[in-house]
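Novice: What follows is a structure written as structure tokens; I'll ask about it next.
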Amino acid sequence: MTFSIQRSIVSGRRGTTQKLWFTLFRVAAAINVLALFAVILFIITRGLSAISWEFLTQMPRNSMTEGGILPCIVGTASLALGALAISFPVGVGTAIYLNEYAGQGRIVSVIRFAIANLAGVPSVVFGLFGLAFFCTVLKMGVSLLAGALTLGVMSLPVIIGAAEEALKAVPDTYREASLGLGASKWQTICRVVVPSALPGILTGSILALGRAAGETAPIMFTGAVFFTPDLPTSVFDEVMALPYHIYVLATAGTHIGETRHLQYGTALVLIALVLGMNLCAIILRSRLRKRSRV
Amino acid sequence: GRLVLKGSTTVLPIAQKISEAYMAAHPDVKISLSGGGSGNGIKAVVDQTADIGNSSRFIKGKEVKLATGKGVLPVPHRIALDCIVPVIHPDNPVDDLSLDQLKQIYLGKITNWKQVGGPDKKIVVISRDSSSGTFDAWKSLVMKKERVTPRALTQPSNGGLVTQVATTKGAIAYIALGYMNKEVKAVRVGGVKGSAETTLNGRYPISRPLFMFTNGWPKGETLDFINFILSRKGQALVEEAGSISLY
Amino acid sequence: MTQKEKNTHDTIIHAKDLSLFYGDFQALHEITLPFAERQVTALIGPSGCGKSSFLRCLNRMNDLTAGTRSEGEVIFEGKNILEKKIDVVSLRRHIGMVFQKPNPFPKSIYENVAYGLKVNGITNKSMVASRVERSLIQAALWEEVKDRLHKPALGLSGGQQQRLCIARALAVEPEILLMDEPASALDPIATQKIEELVLELKERYTIIIVTHNMQQAARVSDTTAFFYMGKLVEVGNTNTLFTKPVKKETEDYITGRFG
Amino acid sequence: MTQKEKNTHDTIIHAKDLSLFYGDFQALHEITLPFAERQVTALIGPSGCGKSSFLRCLNRMNDLTAGTRSEGEVIFEGKNILEKKIDVVSLRRHIGMVFQKPNPFPKSIYENVAYGLKVNGITNKSMVASRVERSLIQAALWEEVKDRLHKPALGLSGGQQQRLCIARALAVEPEILLMDEPASALDPIATQKIEELVLELKERYTIIIVTHNMQQAARVSDTTAFFYMGKLVEVGNTNTLFTKPVKKETEDYITGRFG
Amino acid sequence: MTHSESTAAPHTPAPPSERVPRETTAPERGSLTGRRTAVGEWVAESSLLIISLVSILVLGLIMLFLILEGTPTFSFVSVKEFIGGVLWYPTDEPPAFGILALIVGSFAVTMLSSLISVPSGVMTAIYLSEIAPPRVAEWLKPAIELLASLPSVVIGFFGMVAVAPLMQTLFDIPTGLNLFTASIMLAFMSIPTICTISEDALRSVPITYREASLALGATPFETISRVTVPAALSGITTAIILGMSRAIGETMVVLMVAGGAAMVPESLFDPIRPMPASIASEMGEAPFRGEHYHALFATGITLFLFTIVFNVLAMSVSRRYRLKG
Ligand SMILES: Nc1ncnc2c1ncn2[C@@H]1O[C@H](COP(=O)(O)OP(=O)(O)OP(=O)(O)O)[C@@H](O)[C@H]1O
Ligand SMILES: Nc1ncnc2c1ncn2[C@@H]1O[C@H](COP(=O)(O)OP(=O)(O)OP(=O)(O)O)[C@@H](O)[C@H]1O
Ligand SMILES: [Mg+2]
Ligand SMILES: [Mg+2]
Ligand SMILES: O=P([O-])([O-])[O-]
């Protein structure tokens, strides 16, 4: 049931107080939405002129003051997909364990504690970890693989959270019905629970993918580089990435003034990518909600 | 073949010009080029993740130790000269500062432009990140090893300094000559204008050589590339990139 | 149904001194209650008295709730099914269950009924098909759905869904059918159908049904057990219990003094 | 209570051709039903028939559910309270409500009862205290809680909580009290207390009570209205309705043929 | 309700051969105590358990490597000097490794940003859960979620090129890259966190509380301020702590708009250098396993500890809440 107090009319002093506060609440909400639109509009209006087929499909040229951002797009896509390839199986497996098997034992509370804290670790600390562990100890160096692994462990809590929520949303009656028919637990999970939760899990994964694509700090020391002339051909190659590209063009670059339009263009491509994925997920989810309500 | 260059942002415009010319002459060679600062360049050679490490300062004792510990012998190649130019916002009427005034400003002792004959405006001191070669040079040539005020804003690159000075009325920063453009105004140091001429004749006090480091004596492609920079044609490109040729 | 006739039926499942705890809370207090084969037993009592909890002990469904613990025995086929070593999966194939709210899977009608067969390893297509048909016929649903077997089960009405759930339970051929308020969410006509079905099914199955509708208990059951606050207050022949209850609580409840 | 006596009571609130929609779904169909002052009216009917929906029209509680729309009129104090311009806040002070599940605030007992006074601008401490006491006495709870007024209300038993909710509603001195299955979550003793309370309160208040327990309706109400599928099937003197129902549906329901 | 079948021995279904289909009567079944199929179920559960342990492993490895790479710092600078020193000159001869200015910078920007994000986020949450018509909420919620998904580098970039110049002219300050601008940008990064978690908390307040209050003649605002918000308070507190935890660890925004001066700020418009900014900008150039490198890892440990404290705090608040609820 959706609860709504919209239609209440209140008179007198109490009505005035209410009006005042409600206006404040509305303004707060409006400011946040306006901020969103301000950022998006700003980037779109400035960045649109930079966008062209060449921009999307060519290599950067002339100290990255001309040409396109193809390697950044390819790099970001491979980093994000690589991250998902790592975090999806682990995350979904963990969620299934926690939601379907785990009781309230010691191990489970330690697992939950670890996940909650993992979710709070700052992204730059993930970067340090990736540098020390993947790049150095596992000798991956600065590479696509190291970057994807770092992003992967970072998005793990997101995937676990989303998958657990999707599994929780599967009515217990499905599980009871299946078990009541003499299905084993694993059969119940595979045939009833996971299929019902799958759309929700996928939605969460798209969101995690979008988030991984937009992260900068974790790949700064682990996967992304200022410039590389080739598209990655193996997982041990260094890559360029959209967020890092924006950062270096805007602050660490050599021709910051001249490359403004490229910065806007790159930012536009990045937010189009990330918001596009989010929008997909949101639409998918609201469809699901509507469908499941029937 | 493939060459990987990393490091100093000061050297970057030179390396860029040279690489493009070199790749035009040798279509089979791919050159990958990235910045990050001098420390990064030397680190890359030590870690053997780059064939050439660009640096706007000489290698430090600690770095040599680290390198030899890994069996790497960093060899420096002087490829150009550079002068570091203090820059301010174009609207700022100040056009000459003594070395000591610069030092006092960067020590945080002089905080207003009127103390150096300018308008009544707070000075926004902008510096390079502490691990850059330019910062290193500034520290030894201007600061005489004293510490830059912690109030100084920092930027990770020459380019970053230029844009920030261009948009900040009270700003002062120092950049490599190659990055000078119309958006910022160069300040004379003790009456001497930073240029190729004053650097070569030794009158300009804040200048330094630029280096490329290789692991051991260069061979093959790398050697070819270094030779190209040091050639007459290469040095012409150095001039074009805004730095100062060796000869 | 006379007392005599009832005694001719063997006990198929027998709860002995059964107690159930949710954490520290004791929901059932030493319940001893035998169930006669191919009879309908109704469990009645006010909300929260432990009817569902008791029912769910009989096929170990309470295992699914974290923090439950049981004491005592439930004897079925000579074994105490509360023991750890019991294979609950095969136990639940012997003892089917129908829930309060119709809960078909979000699959087709056919898939719903075939599900129990498939998870039990019956893959032969024609055998599955014939069993699906037979179960739907038994559940008095075949005529209504035979032309739309591959349509989503969620498109059926509430009453049809509930009969589908019964068909689904019958498909794996259990001996005992547990029903937890199977008609409480249904309209009068659907309710009547379910009641008729229960009376028919008891020819072949033992049925234990929870209901809050005393008239329903009176109409469908042979034996009625009255639960109150986790205790079994009274059990006996349905007619006797409703006309001459022994205990005060029973009388208060069946005369609607509370609940 | 004879028919004659009943007619001497004035109508205090009157639903006229009241229809209610949840989005596209029509939950109530043109209900016309007057309520007599200082009488108890019981609303009965199977689950989902619209009893709660109807009750919640009377104090505009349905406004809180997104997507509701009503047609027709509810006349109270000469005004149609369904109109937009009605001040629902003051309306609800005249028409109090008690819910199915006891829902005290997570505050102290005292705070719970004082809440309605405080939001209505009564801040004088001694006045608040005396009203709290009076309401708790009226709700037959004073003796049990007078020593623990500042303890959390959630520490009370279910029955006490429900009486606390009644006290809370009485504190703002409404004329009408709406009760939606107020005893359905309670044990027999608590139920009996609530029923006694209802009978007492009708001396001063008009009470409209929803119940699924027909004996309860018979015990406490003067008039009973039977709802079925969103329609008012039959309304009349309680004794008459239970002994000689006019409509077939009413008879089916009160004899337990469904529900 | 948590599903757990841990009390029961796991099993898989019988192989088809054993399940003779029963015609009419004759119950020919697998035995009730058969253990024939336990293996499959056991394998499934254990492998899922092992997968679940990855999270612990990762957190453990993070801590291990922070410690391995960070603790060597304390061989050349004492903990006291490191935490208490205000001078951060990691490349000087001799270097100074005091991160107090960075810590203060982190705290200043976190506190200041929460002055903006907490009221704004909580009020938006109240609007969304209590006041907004469902249709508006349906659009507004995704918008807030989108705000959360804007990459931090884009927010930082926007702050640098749009907000900072604006601040500079608006307040006539020497530079727009300062504590204040960084706080505003950071606030927009933590508002979605605060807003969504608070909204969940508000929504989980039983509707019956609201109904009870409204039925007593309280206005909607009185209901919100006296009943709903107090009942959701611990959830809202959790939201605030998590939002602050997000702000303190946020990197790109402070790297791009905070100015980068390693000083203890004295005014709202002073530039600062929070810990994440220092790590991000210096790590790339710090000589591998040199003193600077280790000191940055030690800064990472400090940052990590702060966020852990925030998280544990949030968890304990929400656990208390759950017990009460
Ligand atoms: N998962 C649970 N955890 C804790 N207590 C529970 C749980 N399930 C039920 N209970 C408690 O056990 C008691 C018996 O509950 P049960 O559901 O068996 O009652 P019931 O007779 O089926 O009631 P109803 O008629 O409402 O379905 C109740 O007091 C209930 O609150
Ligand atoms: N918020 C809602 N949205 C849509 N439909 C609703 C909503 N609330 C109730 N209904 C529908 O309106 C009808 C009447 O519901 P109502 O709750 O008034 O019945 P009731 O007689 O009180 O039932 P019960 O005895 O179960 O409380 C039902 O069909 C119900 O499904
Ligand atoms: Mg039950
Ligand atoms: Mg109702
Ligand atoms: O980038 P740098 O040349 O100053 O090291």
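The values are calculated or read from the model by the stated rules, or taken from the named source; none is laboratory data. What you see is a predicted model; the values in this text were computed from it and never measured. Here the Cβ positions follow ideal geometry from the backbone for every residue, glycine too, while neighbour counts run over all protein chains shown. Remember, those area values only see protein heavy atoms, side chains included, never the ligands or the DNA or RNA. Shrake-Rupley method; radii C 1.70, N 1.55, O 1.52, S 1.80 Å.
Novice: By how many degrees, between 0 and 90 and to the nearest 10, does the Cα long axis of helix C:109-119 differ from the longest principal axis of chain C?
Specialist: 70 degrees
Novice: If you don't mind, another one. log₁₀ I(q)/I(0) of the protein assembly as shown at q = 0.04, 0.06, 0.08 Å⁻¹, via Debye over equal Cα point scatterers, no solvent, to two decimals?
Specialist: -0.33, -0.69, -1.02
Novice: Calculated FRET efficiency, E:L166 and A:S234, Cβ-Cβ r, R0 41 Å, to nearest 0.05?
Specialist: The computed FRET efficiency comes out at 0.35.
Novice: Nearest-to-axis residue of chain C, judged by Cβ, for the C-to-D rotation, with distance in whole Å?
Specialist: That would be C:H212, 5, residue then distance in Å.
Novice: For D:P152, go 7 angstrom from Cα along the Cα-to-Cβ vector, then report the distances to that same point in the other copies in nm, smallest first.
Specialist: The answer, with the shortest distance listed first, is 4.3 nm.
Novice: I've got another one for you. Provide the convex hull volume over Cα atoms per residue for the range E:79-324, in Å³.
Specialist: Hull volume over Cα atoms, normalised by residue count, gives 145 Å³.
Novice: Would you pull out the residues with amide H under 5 Å of B:S34's amide H, same chain only if 5 or more places away, H placed 1.01 Å from N?
Specialist: B:L5, B:K6, B:G7
Novice: How much net charge surrounds E:V154 when only other residues with a Cβ under 14 Å from its Cβ are counted (Lys, Arg +1; Asp, Glu -1)?
Specialist: 0
Novice: Let me ask another. So which GluC sites (Glu not before Pro) in the range D:53-138 pass both tests, a DSSP loop state and at most 15 other Cβ atoms within 10 Å of the Cβ?
Specialist: Those that pass, being in a loop and sparsely packed, are D:E77, D:E83.
Novice: Please report, ordered by residue number, every helix of chain A (full DSSP H runs) that is 15 Å or longer along its axis going by C-alpha atoms and whose mean Kyte-Doolittle hydropathy reaches -0.5.
Specialist: A:12-47, A:70-96, A:106-120, A:144-168, A:194-214, A:260-293
Novice: Please quote Rg/Rh for chain B to two decimal places, taking the Kirkwood radius as Rh and restricting both calculations to Cα atoms.
Specialist: Using Cα coordinates only, the ratio equals 1.00.
Novice: Let me ask another. Which whole-percent values make up P(r) of the range E:32-75 when all C-alpha to C-alpha distances are grouped in 10 Å steps starting at zero?
Specialist: All Cα pairs considered, the percentages come to 23, 25, 20, 16, 10, 5, 1.
Novice: Per the 1.4 Å probe, what fraction of the accessible area of the range A:53-293, in percent, lies on carbon and sulfur atoms?
Specialist: The computed percentage sits at 65.
Novice: Next question, about the same structure. Would you calculate a helix-derived [θ] at 222 nm for chain B, using -39,500 (n - 2.57) for each DSSP H run of n ≥ 4 and dividing by the full residue count, to the nearest 500?
Specialist: It comes out at -10000 deg cm²/dmol, rounded to the nearest 500.
Novice: Related question: Once the other residues with Cβ under 13 Å from the Cβ of A:L275 are scored (Lys, Arg +1; Asp, Glu -1), what is the net sum?
Specialist: Net charge in that neighbourhood comes out at 0.
Novice: Which of B:M143, B:M212, B:M23 ends up with the largest GNM mean-square fluctuation for chain B, with Cα atoms connected below 10 Å?
Specialist: B:M23
Novice: Please check: in the Gaussian network model of chain A (C-alpha springs, under 10 Å), which one of A:C190, A:C72, A:C280 has the largest mean-square fluctuation.
Specialist: A:C190
Novice: What gaps in nm, shortest first, separate C:K248 from its twins in the other copies when you place the label 7 Å past Cα toward the beta carbon?
Specialist: Copy-to-copy label distances for C:K248: 4.4 nm.
Novice: Using the alpha-carbon atoms, what tilt in degrees (0 to 90, nearest 10) does helix D:188-201 show relative to the longest principal axis of chain D?
Specialist: Helix D:188-201 and the main axis of chain D meet at about 90 degrees.
Novice: Also: For A:L41 and A:A272, calculate 0.36 nm times their separation in residues minus their Cα-Cα distance, and state this gained length in nm to one decimal.
Specialist: Contour length minus Cα-Cα distance gives 82.0 nm.
Novice: With a 1.4 Å probe and every protein chain left in place, work out the accessible area per residue of the range A:53-293 in Å², rounded to a whole number.
Specialist: 33 Å²
Novice: Let's test the formula: R0 of 25 Å, r as the Cβ-Cβ distance of B:K65 and B:W217. What FRET efficiency results, to the nearest 0.05?
Specialist: 0.80
Novice: Under a point spin-label approximation (7 Å from Cα along Cα-to-Cβ), what is the C:Q100-E:L313 distance to one decimal in nm?
Specialist: Here the modelled spin labels are 4.3 nm apart.
Novice: Nearest 100 Å² is fine: what is the total accessible surface buried where chains E and A meet, probe 1.4 Å?
Specialist: Its buried surface, counting both partners, is about 8000 Å².
Novice: Could I ask something else about it? Only counting protein heavy atoms at a 1.4 Å probe, give the residues of the range D:34-79, ordered by number, whose accessible area falls by 50 Å² or more when the other protein chains are present relative to the chain alone.
Specialist: So the qualifying set is D:D63, D:L64, D:A66.
Novice: Give me the net charge for the shell around B:L66: Cβ to Cβ below 10 angstrom, other residues only, Lys and Arg +1, Asp and Glu -1.
Specialist: Combined, the nearby Lys, Arg, Asp and Glu give +4.
Novice: Right, here's the next one. Given Cβ point charges of +1 (Lys, Arg) and -1 (Asp, Glu) and nothing else, what value in debye, to the nearest 20, does the dipole of chain D about its Cα centre take?
Specialist: 520 debye
Novice: Then there's this: Quick one: if the Förster radius is 51 Å, what FRET efficiency do C:S126 and D:K248 give, using the C-beta to C-beta distance and rounding to 0.05?
Specialist: Between C:S126 and D:K248 the formula returns 0.60.
Novice: Can I ask one more? Using a 1.4 Å probe over the heavy atoms of the protein chains, calculate the carbon and sulfur portion of the accessible area of the range B:5-92 as a whole percent.
Specialist: Carbon and sulfur: 56 percent of the exposed surface of the range B:5-92.
Novice: Quick one: the Cα spread of the range B:169-247 along its three principal axes, in angstroms, biggest first?
Specialist: The Cα atoms of the range B:169-247 stretch 49, 27, 22 Å along their principal axes.
Novice: Pairs of lysine in the range C:7-150 with Cα under 21 Å and at least 8 positions apart or on different chains: total?
Specialist: 10
Novice: Name the most mobile residue of B:I175, B:I126, B:I84, meaning the one with the largest mean-square fluctuation, in a Gaussian network model of chain B with Cα contacts below 10 Å.
Specialist: Answer for the Gaussian network model of chain B: B:I126.
Novice: Keeping all protein chains in place, calculate the accessible area per residue for the range E:146-187 (probe 1.4 angstrom), answer in Å².
Specialist: 26 Å²
Novice: In addition: Work out, in µm²/s and without decimals, the Stokes-Einstein translational diffusion coefficient of chain D at 25 °C, 0.890 mPa s, Rh from Kirkwood over C-alpha pairs.
Specialist: 130 µm²/s
Novice: While we're looking at this one, here's another question. Measure off 7 Å from each Cα along the Cα-to-Cβ vector at D:R204 and B:A24, then give the distance between these two points in nanometres to one decimal.
Specialist: Distance between label points: 10.1 nm.
Novice: Relative to the compact globular guide of 2.2 N^0.38 Å, what is the alpha carbon radius of gyration of chain A, as a ratio?
Specialist: 1.22
Novice: What percent antiparallel are the DSSP beta bridges of the protein assembly as shown, to the nearest 5?
Specialist: The antiparallel proportion sits near 60 percent.
Novice: May I ask for the accessible area buried between chains B and A, both sides summed, probe 1.4 Å, to the nearest 100 Å²?
Specialist: Summing both sides, the interface buries roughly 1400 Å².
Novice: Also: Using Cα-Cα distances under 8 Å and only pairs 6 or more residues apart, what relative contact order does chain B have, in percent?
Specialist: The value is 29 percent.
Novice: Measuring from a point 7 Å out along Cα→Cβ, what nm distances, shortest first, does D:S126 have to its partners in the other copies?
Specialist: Ordered by distance, the counterparts are at 9.6 nm.
Novice: Also, quick follow-up: Measure nothing but the geometry: give the 0 to 90° angle between the long axis through the Cα atoms of E:233-249 and the longest principal axis through the Cα atoms of chain E, rounded to 10°.
Specialist: 50 degrees
Novice: At a probe radius of 1.4 Å, figure out the C/A buried accessible area, summed over both chains, and give it in Å² to the nearest 100.
Specialist: Answer for the C-A pair: about 1700 Å² buried.
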